[in-house]
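Working notes, beginning with the structure itself.
The values are calculated or read from the model by the stated rules, or taken from the named source; none is laboratory data. Predicted model, so just to flag it, every value in this text is computed and none were measured. These accessible areas exclude ligands, DNA and RNA; they are computed on the full protein's heavy atoms, side chains included. Shrake-Rupley method; radii C 1.70, N 1.55, O 1.52, S 1.80 Å.
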Amino acid sequence: MQRILPWTDAVIQSFRDVTPTVREFCIQPALGTAAYAPGAHLQVQVLVNGKPQTRSYSLVGAPDAACYRIAVKRLDAGRGGSLAMWQLGVGSRLSIIEPQNHFPLDLNAPAYLLVAGGIGITAMVWMAQTLSERGASVRMLFGARSLSELAFHDLLRKQLGSRLQTAKAEQGEQLEFDKEIAALPKGALMYVCGPLPMLDTARAAWTRAGKPLSDLRFETFGSSGRFAPKAFQVLIPRHKIDVTVAQEASLLETLEAAGVQAMYGCRRGECGLCAMQILSLSGEIDHRDVFLSAHEKAANQRMCVCVSRVLGSVTLESAYLPEIV
Ligand code: FES
């Protein structure tokens, strides 16, 4: 289980659009900023349809004594968190939890390949700066839909020069994973932050090159599923639960609200602790985790309820016994 940290008050100090769909916010906490390391994220509470929802955003760039900087991609067909953030203005109040880090940067490797897809670049900005300033051997692959969506591109180009390779999907460009990985020395680390298809591609290239998976570090966002989020029905016969998971809520949040004491760890689809057995399915599972293997996802016998969703309805078995609900 994660350590529980308290919510504290904060205010939007300023914001600016770094791409047509990515807005950077400077958030000033009432109690002052805390120190954090590359890879850290900030938890933010936003109101979606009048209900508080928690979102995690990577902290962008080096710590600033005045504020925490995050960047939010506007997802018009998302669960509503990004649209709620985009409605905030200078002076808007919100609740935050001080920075935590589940994606730490190991500073002892002989070389680094940083890989970012879209808004995944936010986790990489300070990693790139830190490694550059230390004189480390670092290269970056950064893919986005178009040139205008390469957030923080100018800053990264200044830091990395020709060590930054970009790819614009609209122009049919692709990142050269095999070539870049082949050039890495033994013991090099690859850090990946981006949507699931990018992680799958990067992981496949890493494995093809015979690199140990322990040297591949990644962070994903549960928003990157195959389908746009829609409400769906969930039954848990053991607990006599029949609930609708709203478009803006996760299955785990909905079960918790219904009184099911579900098990969880990362809440980002990485640890597998929240996986529940699927008893029956009407429709399709949108597996959004990186814990289950491709084979397990195809078998549809388990799903990670923190991030995965359903197109239709599903009946689940909870790992918890009824007497502790
Ligand atoms: S809580 Fe870690 S995968 Fe769901």
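Pairs of Cα atoms under 8 Å, at least six residues apart: use those to get the relative contact order of the chain, whole percent.
Contact order relative to length: 14 percent.
Give the accessible surface of the stretch 112-220 per residue, rounded to a whole number of Å², with probe radius 1.4 Å and ligands, DNA and RNA excluded.
Values: 4710 Å² over 109 residues.
Accessible area per residue: 43 Å².
In 5 Å bins starting at zero, report the fraction of Cα pairs in the stretch 232-324 per bin as a rounded %.
Whole-percent P(r) values from 0 Å outward: 3, 15, 29, 28, 19, 6, 1.
Taking 0.36 nm per intervening residue step and subtracting the Cα-Cα distance, what contour gain separates residue 279 from residue 134 on full extension? If you can, show how the numbers build up before the last one.
Working: separation 145, 0.36 × 145 = 52.20 nm, distance 5.21 nm.
Full extension from residue 279 to residue 134 adds 47.0 nm.
What length, rounded to one decimal in nm, is gained on full extension from residue 207 through to residue 77, with 0.36 nm per residue of separation minus their alpha-carbon distance? Could the numbers behind the result be given before it?
Details: separation 130, 0.36 × 130 = 46.80 nm, distance 3.34 nm.
Length difference between fully extended and current span is 43.5 nm.
Which residue, 19, 201, 166, has the most motion in a Gaussian network model of the chain that connects Cα atoms within less than 10 Å?
Taking springs between Cα atoms under 10 Å, the residue moving most is 201.
Can you tell me how the stretch 112-220 classifies by the Cα gyration tensor, rounded, prolate or oblate, using a/c under 1.5 as the rounded cut?
Working: a/c = 1.63, a/b = 1.14, b/c = 1.42.
Here the stretch 112-220 falls in the oblate category.
Take every DSSP beta bridge with both residues inside the chain and express the antiparallel ones as a percent of the total, to the nearest 5. Spell out each step's value before the answer.
Details: 48 of 72 bridges.
Counting only bridges with both partners in the chain, antiparallel ones make up about 65 percent.
In terms of solvent-accessible area of protein heavy atoms at a 1.4 angstrom probe, what is the ranking of 16, 163, highest value first? Provide the component values of the computation, followed by the final result.
Numbers: 16 120, 163 70 Å².
Descending order: 16, 163.
Dimensions of the chain along principal axes (Cα, Å, largest first)?
Dimensions of the chain along the principal axes of its Cα atoms: 58, 50, 37 Å.
Counting pairwise Cα distances across the stretch 8-100, what percent come out greater than 18 angstrom? Could you put the intermediate results ahead of the total?
Details: 1635 of 4278 pairs.
For the stretch 8-100, the share of Cα pairs beyond 18 Å comes to 38 percent.
What is the extension gain from residue 146 to residue 87, computed as 0.36 nm multiplied by their sequence separation minus the C-alpha to C-alpha distance, in nm to one decimal? Write down the numbers at each step before the final one.
Numbers: separation 59, 0.36 × 59 = 21.24 nm, distance 2.46 nm.
Extra length available between residue 146 and residue 87 comes to 18.8 nm.
Can you pull the accessible area of residue 102 for me, 1.4 Å probe, Å² to the nearest 10?
Residue 102 has an accessible surface of roughly 70 Å² with all protein chains in place.
Please report how far the C-alpha centroid of the stretch 253-304 lies from that of the stretch 32-46, rounded to the nearest whole angstrom.
Spelled out, the Cα-based centre of one part sits 27 Å from the other.
Provide the solvent-accessible area of residue 153, counting protein heavy atoms only and rolling a 1.4 Å probe, rounded to the nearest 10 Å².
40 Å²
Given a 1.4 Å probe and every protein chain left where it sits, what share in percent of the accessible area of the stretch 1-118 is carbon and sulfur?
Values: 2750 of 5370 Å².
After summing per-atom areas, the C and S share lands at 51 percent.
Specify the angular offset, from 0 to 90 degrees and rounded to the nearest 10, of the alpha carbon long axis of helix 196-208 from the longest principal axis of the alpha carbons in the chain.
Helix 196-208 and the main axis of the chain meet at about 60 degrees.
At a probe size of 1.4 Å, how large is the accessible area of residue 149, to the nearest 10 Å²?
Its accessible surface works out to 10 Å², give or take rounding.
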